[in-house]
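Presented below is the structure to which this report refers.
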Amino acid sequence: MKRLISLAIFILTAASLFAQCPRPAAGSTVAEPEDLFSANGALIANFNFQGPVSEPGYIKYCFTYTDGTPSPTLRLNPGDTLTLNVKNSSTAPNTAMAGMKMGTNASPASSGPCGGETILASTTNLHFHGLNIPPLCHQDEVVYTAVQTGTAFQYKFQIPANEPPGLYWYHPHPHGFSEDQVLGGATGALIVQGIQQFNPILAGLPERVIVIRDQNNTYLPPAQAPSLPPPPSWDLSINYVPLLYSSYAPAVISMKPKERQFWRVANADADTILDLQVLYGGVAQKLGVVALDGVPLGWSNGGAGAFTNWQTDIYLPPGSRAEFILDGPASGVPATFITEAIDTGPSGDFDTARTLANIVTSPTAAEPGPVLSSNTTPLGKTRFAWLGTVAPTAQRSLYFSEQQVGSNSENIDFFITVDGQTPAVFSPDSPPNIVTKVGAVEDWTIENRTQEVHEFHMHQLHFLVLEENGVPVAHPELRDTYQVGYWDGTSATYPSIKVRMDFRDPEIAGAFVYHCHILGHEDAGMMGKILVQAVQPN
C-alpha cells in the first residue's frame, strides 16, 4: 500500500512540475527559484512562453525552462554570453490593441519578428531590465520585436565586461499587453555575479533571491460580510507563493537563528509599489542595503568605494531591486517580512500593507541558495564614470499627464511629454521624441502633473538622481527606476525629479524607450522614444 501511495505522490508531483505555470499554495514555504549558471563564459537555455492559464481568480503566464520549471534565475559573470531560445506557445486570443503596429515606418527590418508585426494578445518578447546592452534585435529591443505564437526566437548578447554585479530581471514588454503578461507572472531574476568583489562584507554569506509579483484580484466580498476591509488593487506573491485577499495567509521563510544572510529582492510587480520592512517582535530592523537597481552603492560615487547603508525600510517602485544584509532573529522571536501601505495619490491604486512572510527559525534550516564566493579580488575598471561633476551637454524637461477619454471615468489616456511637444499616447511608428548623440550627458527634469504617483524608467542605462522637488538628494545614486510623487491638485509647482543621463557608452546607440513602470500606465500610452545617434568616425 505504501508503494502505491508513493507512486501516486510521484505521479502527482511530476504532473504538477510539467503543468503550465505551476504555482505553490498559499502559506507555503518560500522556495528559491531554480538557478541556471553560466559555464566557460556562456549560458544557453531554452524558454517556453506559456499562457494564459486560468486559475480561480486570476490568469497565469510564464517562461518555463526545459524541465517545466517557471522563471529560473539566470546567473552570469561579467563578459559572459547569454543565449535564450524562446518558443511562444501562448494560447491567448489573437486580439490586437488598436493601432499597435510595430515599427512599420521605422523598423530595423522590413518584416518579421523584428519589425512590421502586429502586436496581439498572444505576442511576447523580452526586456532585460537594467542591463546596459544594445537596443538591437535579438538583444534588448522592445519597440519592434514581436515573437508571435507558434514561433521561436533567439536572444543572444554579451554581458558587458564592466557591468555592475547585482540583481537584474527579465520580463515581457509587448506594448499594449505588458501589464497582462507581467501580472500573469512571466518574470524572473538575472544576476551578474561578483558583488562580493566590490563589497567584501558580503563574502561567504548565504544568498536568498526573492521575486515579488502582483496579480489580478477579482475577489468580491459577499454581501453578508460588509465588515471586510477594501481589497487591494492587486494581490501579491513572493516567489509565487500567493498572498490572497482577504485572508492574506503569509508565506514562510525558514532560516537559522541569528544567521546573517544576503537577500536580493526584485519588485517584479506590474503596478504595485512596495515599502519593505523586517520586524522582530513588531520592531523594524536595520537592513544593510548594498545595492539598488543592480548597482552596488558606491560603484561610481567619485571613487569613494563600496559602502553599506543601514536603514529600517526599503522603498521599491515596480521594476526596482534592492540587495541587502539581514541579521536573522533569535530563536523564538516572532519575525515578519512586510510591505507597508503606500499613498499613491487620490487617483492612484490601493497598495495596502501586507505581511509577505513569517520568518521561522530552526537550527536545522537549510541554506536558501548559493553561498557567495569568498573571492574578494577587486574588480577591474568599473562602468559609469562619476557623473556628479560632469557638465551636462543639454537640459530637458518632461512631464507625466493624463486625460479622460469620453464620459467613462475609467477610460484614461496616459502621456509622458517633452516640454514644448503635444501630449500623445505612445505609438511605435512615431518619430523619436528625443534625439541625442553618443557622448552626451544630459540633465532631465521630470514633473508629475497628475494626482497619482508615476515611476520613471529608462531602458539601456542608469541615471544619477540629483534632486527631488528641487532639493538635492543627500546621497546621489545610480538608478534605472525612480518615483515621481503625485500633485496635490492645488500647488503652483508640480512634484519633480532631476536626473543626469549618461549617453557616453557607444553600445547603447539606437532607438529605445523611457516610460512609467506602472505597466497599466505604460500600456495606455505613457511611454516615449529616444534615438541615440552613433558618432561617425572622421
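The values are calculated or read from the model by the stated rules, or taken from the named source; none is laboratory data. Note that this is a predicted model, so its numbers are computed, not measured. Ideal geometry is used to build each Cβ from the backbone, glycine not excepted, and the neighbour counts take in all protein chains shown.
Any residue at all in the stretch 334-341 that is of a type outside the set (D, E, K, R), within 24 Å of Leu202 (Cα to Cα), within 21 Å of the chain's Cα centre (by Cα) and in a strand (DSSP E or B)? Within the stretch 334-341 (the criterion being of a type outside the set (D, E, K, R), within 24 Å of Leu202 (Cα to Cα), within 21 Å of the chain's Cα centre (by Cα) and in a strand (DSSP E or B)), the answer is yes, since at least one residue qualifies. When we screen Gly439, Gly420 for residues that are surrounded by fewer than 17 Cβ atoms within 10 Å (Cβ to Cβ), farther than 13 Å from Met526 by Cβ and free of Cβ contacts under 8 Å to residues at least 40 places away in the same chain, the only hit is Gly420.
Please find, within the stretch 304-324, the residue that is surrounded by the fewest Cβ atoms within 10 Å (Cβ to Cβ) out of those that are over 16 Å from Leu167 (Cβ atoms) and touching a Lys or Arg at 6+ places or on another chain (Cβ under 7 Å). Ranking the qualifying residues of the stretch 304-324, first place goes to Trp310. In the stretch 360-404, what count of residues is obtained for those that are among the charged types (D, E, K, R), surrounded by fewer than 19 Cβ atoms within 10 Å (Cβ to Cβ) and within 30 Å of Gln421 (Cβ to Cβ)? Going through the stretch 360-404 one residue at a time, the tally reaches 1. Of the residues in the stretch 138-154, at least one is of a type in the set (D, E, K, R), within 25 Å of Pro93 (Cα to Cα) and surrounded by 18 or more Cβ atoms within 10 Å (Cβ to Cβ).
Rundown of residues vs (1) of a type outside the set (D, E, K, R); (2) under 28 Å from Gly439 (Cα atoms); (3) assigned by TED's automatic domain parsing to the domain that holds Ala161; (4) in a loop (DSSP other than H, G, I, E, B), yes/no style:
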| position | (1), (2), (3), (4) |
| --- | --- |
| Ile325 | yes, no, no, no |
| Ser331 | yes, no, no, yes |
| Thr344 | yes, no, no, yes |
| Ser373 | yes, no, no, yes |
| Thr376 | yes, no, no, yes |
| Arg383 | no, yes, no, yes |
| Ser401 | yes, no, no, no |
| Thr417 | yes, yes, no, no |
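The numbered conditions (1) aliphatic (A, V, I, L, M); (2) more than 23 Å from Gly282 (Cα to Cα); (3) without any contact (Cβ under 8 Å) to a residue 40 or more places away in the chain are all true for Leu398 except (3). Does Ser237 fit the bill of being of a type in the set (S, T, N, Q), assigned to a loop (DSSP other than H, G, I, E, B), more than 24 Å from Val371 (Cα to Cα) and in the same structural domain as Phe350 (by TED's automatic domain parsing)? Judged against the criteria, Ser237 is not a match. Ala249 satisfies every condition listed in (1) surrounded by 18 or more Cβ atoms within 10 Å (Cβ to Cβ); (2) at pLDDT 95 or above except (1).
When the stretch 125-159 is filtered for residues that are among the β-branched types (Val, Ile, Thr) and more than 21 Å from Val192 (Cβ to Cβ), the ones remaining, listed by number, are Val143, Thr145, Val147, Thr149, Thr151. Being among the hydrophobic types (A, V, I, L, M, F, W, C), touching a residue at least 24 places away in the same chain (Cβ under 8 Å), closer than 21 Å to Leu519 by Cα and surrounded by fewer than 17 Cβ atoms within 10 Å (Cβ to Cβ) is a condition met by at least one residue of the stretch 350-359. Exactly one residue out of Pro33, Pro78 is part of a loop (DSSP other than H, G, I, E, B) and either outside the structural domain of Gly166 (by TED's automatic domain parsing) or farther than 29 Å from Ser246 by Cβ (or both): that is Pro78. All told, Ser409 meets the bar of being at pLDDT below 95 and either more than 23 Å from Gly130 (Cβ to Cβ) or in a strand (DSSP E or B) (or both). For the residues Val532, Val513, the requirement of being of a type in the set (A, V, I, L, M) and farther than 30 Å from Leu183 by Cα singles out Val532. Looking only at residues of the stretch 1-54 that are of a type in the set (Ser, Thr, Tyr) and at pLDDT below 95, we find that the one that is farthest from Thr95 (Cα to Cα) is Ser6.
Being touching a Lys or Arg at 6+ places or on another chain (Cβ under 7 Å), at pLDDT 95 or above and surrounded by fewer than 24 Cβ atoms within 10 Å (Cβ to Cβ), is that true of even one residue in the stretch 269-284? The answer is no, given that none of the residues of the stretch 269-284 is touching a Lys or Arg at 6+ places or on another chain (Cβ under 7 Å), at pLDDT 95 or above and surrounded by fewer than 24 Cβ atoms within 10 Å (Cβ to Cβ).
Quick one: would you say Ser71 is more than 22 Å from Ala524 (Cα to Cα) and either within 19 Å of the chain's Cα centre (by Cα) or at pLDDT below 95 (or both)? Here the answer is yes, as Ser71 does meet what is asked.
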